[in-house]
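Below is one structure. I have some questions about it.
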Amino acid sequence: MGKHGKVQSALEYATARALLTGLGWLPRPLAVATGRGVARVAYGLSDRLRRTGFRNLELAFPEMDERERERILHGCFTNLGRLLGQFSHFPRATPESLRRIVECQGLENLEAAQARGRGVILFTGHLGAWELSSFALSAFGYPMSFLVRRIDNLHVEQMIEKTRTRFGNRSIDKRAAMRPMLRTLRTGGTLGTLVDLNTQPHEGIFVDFFGIPASTTSGLAALALRTGAAVLPVFVPWDENKKRFILRVDSPLTIIPTGNQKEDIKQLTSLFTSVVENYVRKYPEQWLWIHKRWNTRPEKDANLYAARGTVK
């Protein structure tokens, strides 16, 4: 890394540390309010992200009017600000403090799956407080290994890693994940992963998401079929009426192998993608619309994110 790169890396780390530390010393409600304020500023300044968000909403909800799409996109940024405020308090969180803001539903599903002894795969998407899914479960006595894409800035990565693993979680680098994932499941452990990001052609397969082919990781399905691990959805949406996060562990997916591995992988990948879609439809303002979910296209398909006029 050259001198310029070192300076940039140091500035990134100093900014991230100052932001998270500053928010962390505020009372939690004020930290969340400040995080939401930061998100409002980001909404106004981020033309590119707003353009992506509006395009995704056009694709997912073609029948929706512009005003409703704008409301949902505002909610997306608000959700990110709320998550920022909450994450800033993770370094000092305790199981008791987390129980005041998180209501658990379906832990019996996780316990029953773990009791089988064949490993458990928990999958989620970038909806609600997704960082709370593994963090809160570990604080409540259910630690896991989870897949991450390492942040390029080593110092920022180490800071985030230290926070995420406070209660016994362990991260696995996506770039060399297969062996540790297999080892986790074959020893009866629990593996957590996010499944709703666009993947490169060599990393996934196309299944429908909101009726549009989306390149989706096929590794989860292949791993479940290979190990016999239970596959359970876990999501942590914000409930505005209760003023709490609802950490919900749903029943395991029904997996019936046919012997046709390629088709089995596609069917299971389609199944967990439909679960994510159902949650997004239920909580549309809490999903990460600013990610180019349909960026990778089947061969000869048009780019869905080509320039299309002005930003909203």
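The values are calculated or read from the model by the stated rules, or taken from the named source; none is laboratory data. It should be emphasised that the depicted structure is a prediction, and the values quoted were computed from it without experimental measurement. Neighbour counts run over all protein chains shown; Cβ positions are idealised from the backbone, glycine included.
What do you reckon, is ALA139 loosely packed, with under 15 Cβ neighbours inside 10 Å and over 17 Å from the mean Cα position of the chain (by Cα)?
No, not satisfied.
Sticking with this structure for a sec: Out of (1) farther than 29 Å from LEU57 by Cβ; (2) among the aliphatic types (A, V, I, L, M); (3) touching a residue at least 24 places away in the same chain (Cβ under 8 Å), the odd one out for ALA221 is which?
With (1) farther than 29 Å from LEU57 by Cβ; (2) among the aliphatic types (A, V, I, L, M); (3) touching a residue at least 24 places away in the same chain (Cβ under 8 Å) applied to ALA221, the lone miss is (1).
Give the number of residues within segment 105-145 that are assigned to a helix (DSSP H, G or I) and in contact (Cβ under 8 Å) with a residue 60 or more places away in the chain.
Summing the residues that are assigned to a helix (DSSP H, G or I) and in contact (Cβ under 8 Å) with a residue 60 or more places away in the chain in segment 105-145 gives 10.
Being of a type in the set (Val, Ile, Thr), over 25 Å from ARG100 (Cα atoms) and touching a Lys or Arg at 6+ places or on another chain (Cβ under 7 Å) narrows it down to one of THR217, THR258, THR227, so name that one.
Of THR217, THR258, THR227, the one residue that is of a type in the set (Val, Ile, Thr), over 25 Å from ARG100 (Cα atoms) and touching a Lys or Arg at 6+ places or on another chain (Cβ under 7 Å) is THR227.
Does segment 23-72 hold any residues that are assigned to a helix (DSSP H, G or I), in contact (Cβ under 8 Å) with a residue 24 or more places away in the chain and among the small types (Gly, Ala, Ser), and which are they?
Result: GLY24, ALA31, ALA33, GLY35, GLY37, ALA39, ALA42, GLY53, ALA60.
Just for segment 288-312: of the residues that are among the charged types (D, E, K, R) and on the phi < 0 side of the Ramachandran plot, which one is modelled with the lowest pLDDT?
Here the answer is LYS312.
To continue, here is another question. Do we find that GLU157 is acidic (Asp, Glu) and either surrounded by fewer than 18 Cβ atoms within 10 Å (Cβ to Cβ) or within 17 Å of THR217 (Cα to Cα) (or both) in this structure?
When the stated conditions are applied, GLU157 passes them.
Further question on the same structure: Take segment 25-49 and flag every residue that is buried (at least 16 other Cβ atoms within 10 Å of the Cβ) and within 16 Å of ALA93 (Cβ to Cβ).
Passing the criteria: LEU26, ARG28, ALA31, VAL32, GLY35.
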